[in-house]
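These notes concern the structure reproduced below.
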Amino acid sequence: MIAFLVSAAHKSSGKTTIATGLGATLRGRDLTVQTFKKGPDYIDPMWLGRASGRHCRNLDFWTQEGAEITAHFRRFAAAADVAIVEGSKGLYDGIDPAGGDSTAALARLLGLPVILVIDCQGITRGVAPLILGYQAFEPDLRIAGVILNKVGGERHEGKLHAAVNHHTDVPVLGAVHRNRDLEIVERHIGLVPTNEAEGPDGRIETIAEHVADHVDIDLLLRRAGDVEIPAVPAAPAAPAPDVRLAVARDAAFGFYYPGDLEALQAAGAEIVAFDALSDPELPDCDGLFISGGFPETQMAALEANESLRQSIRAALAAGLPAYAECGGLMYLARSIAWQGETRQMVGAVPADVVMTSRPVGRGYVRLRETGAGPWPLTGTAGESVPAHEFHYSRLENLDSEIPFAYQVLRGHGIDGQHDGLVVGNLLASYAHLRQVDGNHWADRFVDFVRRSR
């Protein structure tokens, strides 16, 4: 098969747009395309997965060891003709000063060539030393080609080509000109997700057409070359479900890892989706899971659906086991205040949410359970768990008597020291967990739902 990694010199270079366009273009050639995203991000994988027609999978050094990342990549890439991995931030960026968790480290771990997307706004001849520097910084990494992005026009493109061809041995695979029709809208927390974006399929089709016209796809595939992926045993079939788990899936709540939903099913849960904006009541269920998302952008519709809010509040008061992450926590609070408006929410969590102009908690976190949680976080006393958070909100007027499930060892959480509010059988936190070898949270949650029924 063919596999390559798409990266850039820095964030916001347009690599998600390019990777999305490549995925859709290759899919249009009747190839099976499997996409991957480095890091914990939810939104970029939505676009990548929609473009390829297959769930995008996350590869993350914070929550996974190298062996698990490699196995995860091989498991899903083995069934594809082409695998595209999109990096995060710049090629050499990461937490580790030595680069052990960088996108370059991921390319090296998986043995993948790098396609470097370069934001060419404001540069001409300067593109050459940039490329040379990236080659020289870690010379064992193979940069198979560059895609010039955000090019200002034909004259600009000619100067860039001349500089790259004269000073480097790296081929230019394409030059994508600036075009507002190619932009995926950004706002306070990143790209607008596909579950909320207007006409995402039409936008992807436009991006794919432009990428196909301005990138030499055949040259890119030749430069990437073949990668041998060892056969990986198929995952065992999910058992017959014995619990029903209501899961919010709508324009407000969409931050779910495909692997987590699959893990919940493998643990014996039947997933029953509901729409928090329009469904009049909670479906018949044994447990509830509400993920992250952007409830603030949908808060008028969430408030207007009073019957569902009452249904959820009554179910939680009666002891329904429930888990809520970030946006889910916000929805279950009393209210959300944003842009001068305050809207009423479920009211199961005695606190009010206030949106801020700057991130309150952003990045990787590490949690240690306090023992107050309704189900064990790790199953091992004193052991910590890696997770992540990204929220522009804080809680106000929080009842001081509510216990916390987590001590925050790294990150912010709710108050800089704690996260995971426990209200009856509800656990609601800003932290996002992920089902990985070191944290089987989905199994423990389903077991708790089963025991509580």
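Taken together, the values in this text are just the output of simple stated rules run on the coordinates, not laboratory data. This structure is a prediction, so every number in the text was calculated from the model and none was measured. Note: ideal-geometry Cβ built from the backbone for every residue, glycine included; neighbour counts use all protein chains shown.
Here are some notes:
- Projecting the Cα atoms of 307, 428, 158 onto the charge dipole of the chain, computed from C-beta unit charges around the Cα centre, puts 158 farthest toward the positive end.
- Neighbours of residue 100 by Cβ distance under 14 Å: Lys/Arg scored +1, Asp/Glu scored -1, total -4.
- Kirkwood Rh (inverse of mean 1/r, distinct Cα pairs), the chain, angstrom: 23.0 Å
- The P(r) of segment 2-224 has a tail past 25 Å containing 34 percent of all C-alpha pairs.
- Taking other Cβ atoms within 10 Å as a rough exposure proxy, 156, 432 sort from fewest to most as 156, 432.
- Nearest-0.05 FRET efficiency for residue 183 and residue 161, computed from C-beta distance (R0 22 Å): 0.40
- Shape annotation for segment 245-289: C-alpha extents along the principal axes are 29, 22, 9 Å, from largest to smallest.
- Cβ-based charge dipole, segment 362-453, positive-most Cα from 403, 386, 372: 386
- Dipole check for the chain: with +1 at the C-beta of Lys and Arg, -1 at the C-beta of Asp and Glu, and the Cα centre as origin, the magnitude is about 760 Debye.
- Rounded to the nearest 10 degrees, the inclination of helix 127-137 to the longest alpha-carbon principal axis of the chain is 70 degrees.
- The equivalent ellipsoid of segment 393-453 has semi-axes of 23, 16, 8 Å, largest first, where each one is the square root of 5 times an eigenvalue of the Cα gyration tensor.
- Lys, Arg +1 and Asp, Glu -1 on Cβ, resulting dipole of segment 2-224 about Cα centre, debye, nearest 20: 220 debye
- Mean-position separation - Cα centroids, segment 1-64 and segment 352-414, in angstrom: 29 Å
- Computed from Cα atoms, the angle from the helix 441-452 axis to the main principal axis of the chain rounds to 20 degrees.
- Per-peptide average of other Cβ atoms within 10 Å, ordering 274-281, 297-304, 50-57, 444-451 highest first: 50-57, 444-451, 297-304, 274-281
- Put in order of Cβ neighbour count within 10 Å, fewest first, the listed residues 159, 89 become 159, 89.
- Label reach from residue 306 (point 7 Å along Cα→C-beta): in segment 323-361, amide nitrogens under 12 Å belong to 344.
- Mean separation of Cα pairs under 8 Å and 6 or more residues apart, divided by the residue count, gives segment 243-452 a relative contact order of 20 percent.
- Only Cα sites of segment 243-452 enter the Debye sum here, all with the same form factor; the resulting log10 I(q)/I(0) across q = 0.15, 0.18 1/Å is -0.88, -1.34, listed in q order.
- The residues packed around residue 227, meaning those with a beta-carbon under 13 Å from its beta-carbon, carry a net charge of 0 if Lys and Arg are +1 and Asp and Glu are -1.
- Segment 125-182 and segment 226-272 have their alpha-carbon centroids 40 Å apart.
- Whole-number percent relative contact order across the chain, with pairs defined as alpha carbons under 8 Å at least 6 apart: 13 percent
- Least to most buried among 65, 154 (fewest other Cβ within 10 Å first): 154, 65
- Separation of the residue 314 and residue 206 label points, Cα + 7 Å toward Cβ, nm: 4.5 nm
- When only the Cβ of Lys, Arg, Asp and Glu is charged (+1, +1, -1, -1), the dipole of segment 243-452 relative to its Cα centre reaches about 400 debye.
- Label-point separation, residue 407 to residue 31 (7 Å along Cα→Cβ), nm: 5.1 nm
- Diagonalising the gyration tensor over the Cα atoms of segment 187-343 and scaling each eigenvalue by 5 before taking the square root yields semi-axes of 36, 25, 12 Å, largest first.
- Near residue 431, once Lys and Arg are set to +1 and Asp and Glu to -1 for all other residues with Cβ below 9 Å from its Cβ, the sum equals -3.
- With R₀ fixed at 35 Å, the C-beta to C-beta distance from residue 169 to residue 79 puts the FRET efficiency at about 0.50.
- Dipole axis of the chain (+1 Lys, Arg; -1 Asp, Glu on Cβ), positive-most option in 36, 293, 234: 36
- Backbone N under 18 Å from the residue 440 label point (7 Å along Cα→Cβ), restricted to segment 55-77: 64-65, 68-69, 72
- Relative contact order of segment 2-224, defined on C-alpha pairs under 8 angstrom at six or more residues apart (%): 25 percent
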